[in-house]
Amino acid sequence: MLRRFFQAFTHPAAGPIGFGLALVMCALLVATSISAARNEAALRARLIQLARDDARTGTLLHARLAACESAGPGAAGVDKVTNASVEARAKRLAGREPQGFDVCARMESADRAVLENLK
């Protein structure tokens, strides 16, 4: 068995066949490398675009949340809201009429989702 193995590699046709296989494998490696580089470039461009969109959306949501919270009981209420914990803010919003709570709760939920996507 070992003798046939050595005969296969020492046969006169083994050199050209091996060289041809090496060229084919080299061409496949180059094609795979080029394809991977193009795919990486496309994914990096998409990632940059998504990060830009995420930043724009996050800024918009923060502005809406700030507007929602500042529509409360005046300047003293705004200070209490910005320095309060999440639970205190939720209790304060729950004490309002349902429409205001609904809008603010949706904004906080969207804001939390954006922040979780950034992590």
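Out of Ala22, Ala13, Ala37, which single residue is farther than 30 Å from Glu116 by Cα, at pLDDT 85 or above and surrounded by 10 or more Cβ atoms within 10 Å (Cβ to Cβ)? Can you show your working first?
Details: Ala13 fails: surrounded by 10 or more Cβ atoms within 10 Å (Cβ to Cβ); Ala37 fails: farther than 30 Å from Glu116 by Cα.
The conditions single out Ala22.
Enumerate the pairs (first residue in the range 40-56 and closer than 16 Å to Asp111 by Cα; second residue anywhere and modelled with pLDDT under 95) with beta-carbon separation below 7 Å, excluding pairs fewer than 6 apart on the same chain, so at least 6 apart or on different chains.
Asp54/Val114; Asp54/Asn117; Asp54/Leu118
Among the residues of the range 62-119, how many are farther than 24 Å from Leu50 by Cβ, at pLDDT 60 or above, touching a Gly at 6+ places or on another chain (Cβ under 9 Å) and among the hydrophobic types (A, V, I, L, M, F, W, C)?
3
The values are calculated or read from the model by the stated rules, or taken from the named source; none is laboratory data. Not measured: the values here are computed from a predicted model. Please note: Cβ atoms are built from the backbone with ideal geometry, for glycine as well, and neighbour counts cover all protein chains shown.
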